[in-house]
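Peer 1: Could you have a look at this structure, given as C-alpha cells, before my questions?
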Amino acid sequence: MNQLLSIALFGFYFILLALVTVPTKAALRPGSVFTDNMVLQRGQRVPVWGTADPKAEIEVQLGETRAKCTADSAGRWMAVLEPLAASIVPRSLEIRGGHDQVEFA
C-alpha cells in the first residue's frame, strides 16, 4: 500500500510540475517609461517599445500619427512615431498587438 501511495504522490508532483512549467502567452507590455500623463518632446521622432508575443504585429497610435512594427523572435519590439506638432489638447497613446490593447491618456 505504501508503494502505491508513493507512486500516486510521484504522479501528482509530476503533473503539478508540468502545469507550472507550461509556457504562457506573453501579454503586450509597453516599456515602463510609458504612463498616463506623460509628456513627449515635440518636433522629434518618438520611439515606443516593449514586449509581446514573438513575431506579433504591433500598431502604435498617438492622435493621428501611427506606426507599425513586428516583434522579434524574443518578443521585443519598437515602433517610431514621426515628429509631433505642439498641442495643448491631451492625446491618447494606443498600442495594439494581437488581441491585446494598452492605452495611456
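Peer 1: In nm, to one decimal, how far is the modelled label at residue 33 from the one at residue 82, with both set 7 Å along Cα→Cβ?
Peer 2: Placing both labels 7 Å along Cα→Cβ, they lie 2.3 nm apart.
Peer 1: Write down the accessible area per residue of the stretch 47-105 in Å², having rolled a 1.4 Å probe over the full set of protein chains.
Peer 2: Working: 3530 Å² over 59 residues.
For the stretch 47-105, the per-residue accessible area is 60 Å².
Peer 1: With the crude spin-label approximation of a point 7 Å out along Cα→Cβ, what separation in nm comes out for residue 42 versus residue 74?
Peer 2: 3.7
Peer 1: If every alpha-carbon in the stretch 47-105 counts as one equal scatterer, what log10 I(q)/I(0) does Debye give at q = 0.12, 0.15, 0.18, 0.29 1/Å?
Peer 2: Summing over Cα pairs of the stretch 47-105 leads to -0.28, -0.42, -0.59, -1.23.
The values are calculated or read from the model by the stated rules, or taken from the named source; none is laboratory data. Computed from a predicted structure; not experimentally measured. Glycine also receives a Cβ, built like all others from the backbone with ideal geometry; neighbour counts cover every protein chain displayed. Side chains included, ligands, DNA and RNA excluded: accessible areas come from the protein's heavy atoms. Shrake-Rupley method; radii C 1.70, N 1.55, O 1.52, S 1.80 Å.
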